[in-house]
Amino acid sequence: LVTLFGGDPIPAVGFAFGDVTLMDFLATHGHEVIAPTNADVFIGTMGEKFTKRAQEIAVELREAGLRVWVNLKERRFLDQMDEARKRGVPFFLLCGSEEDNSKTIRVQPLLEKYGTKDDEQWSRVLGIKDRAEAIQAALAK
């Protein structure tokens, strides 16, 4: 292998589990494996230009003690919510132009035990610190 790239021939031993091949096979046949996460919050982004703001929000939420997952891929809002659900993340926050302009954020519970986005607890638009406290209170129940 080394000689293929212009090096001197040297003896070597290699080992591989074949995990990449297995993951490719599963994805090709519609069985993509998404590992669960222990995040409390998934922050979705509406385009690359909101990634920086999403990272800033993530820092604030982490400082408040929450475990946060931030979307860094360019994809549709609903696809991001689907990934959060598959990973078992209980809360979804969206970072888009409205949230960026107002410096507030809306919470959408993804697990029924935390209610729905229309519950008064989640439907009001509050600052990030208030949201972090509300999420922590819900998770503590």
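Observations on the model:
- Of the candidates F25, F5, F15, F92, the single residue that is aromatic (F, W, Y) and closer than 30 Å to Y114 by Cβ is F92.
- Any chance F50 is outside any helix (DSSP H, G or I) and aromatic (F, W, Y): no
- Exclusive hit being crowded, with 17+ Cβ neighbours inside 10 Å, assigned to a loop (DSSP other than H, G, I, E, B) and modelled with pLDDT of 80 or more, set L66, L72, L94: L66
- Selection count, segment 1-51, where residues are of a type in the set (D, E, K, R) and open to solvent by 100 Å² or more (accessible area, probe 1.4 Å): 4
- Figure legend. Inter-residue proximity from segment 8-19: first residues among the aliphatic types (A, V, I, L, M), second residues part of a loop (DSSP other than H, G, I, E, B) and exposed (fewer than 10 other Cβ atoms within 10 Å of the Cβ), beta-carbon distance below 9 Å, spacing 6+ or different chains. Indicated pairs: A12/L1.
The values are calculated or read from the model by the stated rules, or taken from the named source; none is laboratory data. Every value quoted in this text rests on a predicted model; they were computed, and no experiment measured them. Note that each Cβ is placed from the backbone with ideal geometry, even for glycine, and that neighbours are counted across all protein chains shown. Remember, those area values only see protein heavy atoms, side chains included, never the ligands or the DNA or RNA. Shrake-Rupley method; radii C 1.70, N 1.55, O 1.52, S 1.80 Å.
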